[in-house]
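Contents: one structure, followed by commentary.
The values are calculated or read from the model by the stated rules, or taken from the named source; none is laboratory data. These figures come from a predicted structure and were not determined experimentally. We place every Cβ from the backbone using ideal geometry, glycine too, and count neighbours over all the protein chains shown.
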Amino acid sequence: MELIIGPRAYSTWSLRGWLVMRMTRADFAVIDARYDTADHKAALEALSPSGFVPALRVGGEVIWDTLAIAEWAAETYPEAGLWPTDPMARALARSVSAEMHSGFSALRTLCGTGPDHPMVGLARAATPVDPALDRDLARLVTLFRQMRGRFGGDGPGLFGARSVADAFFTPVAARVRHFQIDLGAHGDDGTASAYLAALLDHRDFRQWEIDAGR
Ligand SMILES: N[C@@H](CCC(=O)N[C@@H](CS)C(=O)NCC(=O)O)C(=O)O
């Protein structure tokens, strides 16, 4: 089984897919792909049908798109508990993961990652100022406070035990850190900041940073 990923310093979706696969505890190899060259698309399309990473090679097939990889992993490794066991918590974990997958466009655009704006290491950048970004950040704070308050319990994850949702929000934690965003200015009472700090402190993210060479 092989997971095809982009540059670890700034491929946010690769990080999500990799974290999900780590949660399964299955053995998998990593294939490093690039998307920062003039002619990278043809090479990516040879590895991933959509021309995007991550993609997972398994059993002679390729599964692409992080959500699909996460669902495949959850079905294939049920013992890993990738989604919460409680049905409503599970539905909401899927809601927030899907919202991350398709939303938060201001955060993605204004706090985008790239060679100058890595997810890893000590580089920091000025906080962008924009009303649309303010809306995204307020939404994130609300979501983190609600889900941690309802389902966090004793666990560090958004739904207590670590789940796909935590993998999906780890790149957000890295963006908040890199762009020095003060979530207190967006309604945080400390819950959201503590949650994001825990994501960056997780051993898998730390390993990702080491593998990224930072
Ligand atoms: N919806 C896709 C998004 C994947 C995506 O945008 N990946 C970026 C890297 S983070 C990529 O492959 N970019 C290649 C390119 O821009 O050509 C997913 O969830 O996996």
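Some observations on this one:
- A Cβ distance below 7 Å, combined with a sequence gap of six or more or placement on separate chains, defines the contacts here; from the range 196-209, residues that are not assigned by TED's automatic domain parsing to the domain that holds Arg16 reach residues that are hydroxyl-bearing (Ser, Thr, Tyr) and buried (at least 18 other Cβ atoms within 10 Å of the Cβ) in the pairs Leu199/Thr170; Phe205/Thr170.
- Filter pass, Ala98 being in contact with a His (Cβ under 8 Å, 6 or more places away or on another chain), of a type in the set (Gly, Ala, Ser) and modelled with pLDDT of 95 or more: no
- Test: residue in the range 130-148 that is within 24 Å of Arg22 (Cα to Cα) and crowded, with 21+ Cβ neighbours inside 10 Å: yes
- Summed over the range 62-79, residues that are more than 18 Å from the chain's Cα centre (by Cα) and farther than 19 Å from Leu47 by Cα total 5.
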